[in-house]
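Scroll down for the structure; my scribbles are underneath it.
All of the numbers you see were taken from the coordinates with simple rules; none came from a lab. All values reported here derive from a predicted model rather than from experimental measurement. Every residue, glycine among them, receives a Cβ derived from its backbone with ideal geometry; neighbour counts consider all protein chains shown.
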Amino acid sequence: MQDLEKLAQELRRKGQTEEIRALADSADGKKLGQMVDGAAVEQAVKSGDSAALQQILRGVLSTAEGRRLAEKVRSMMEKP
């Protein structure tokens, strides 16, 4: 959970929140949004269930869309 918070802070610091929103609004982001159970993610976050979050993330990364989005986020993180 702390890693996700650090990632969010770093993206805000770099001024990349709009880029993240654009990814979420992309075709890949929308498709993943339909595949992921938002209530399950919310419950896992609220309860601090890192195992459930890891399972959800593995499911996302097992898709072509998830891998593409993860690569785009990784690229954003490498920008100064």
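How much FRET efficiency would the formula 1/(1 + (r/R0)^6) give for Ala64 and Ala39, where r is the Cβ-Cβ distance and R0 is 22 Å, rounded to 0.05? Provide the component values of the computation, followed by the final result.
Values: r = 25 Å, r/R0 = 1.12.
That pair, Ala64 with Ala39, gives E of 0.35.
Comparing Glu19, Glu65, Glu42 in a Gaussian network model of the chain where C-alpha atoms under 10 Å apart are linked, the largest mean-square fluctuation is found at Glu42. What is the sum of charges, Lys and Arg at +1 and Asp and Glu at -1, for the other residues whose Cβ falls under 14 Å from the Cβ of Gln43? My count for the surroundings of Gln43 gives -2. Relative contact order of the chain: 38 percent, from C-alpha pairs under 8 Å at least 6 residues apart in sequence.
What does the net charge come to around Arg67 if you take all other residues with beta carbon closer than 13 Å to its beta carbon, with K and R at +1 and D and E at -1? Before the final figure, lay out the partial values.
On the way: positive: Lys31, Arg58, Arg68, Lys72, Arg74; negative: Asp28, Glu65, Glu71.
Local charge sum for Arg67: +2.
Spatially close Lys pairs in the chain, defined by Cα atoms under 18 Å apart and a spacing of eight or more places or different chains, total 8. With kT/(6 pi eta Rh) evaluated at 4 °C and eta = 1.567 mPa s, and Rh the Kirkwood radius from Cα pairs, the chain diffuses with a coefficient of 97 µm²/s according to Stokes-Einstein.
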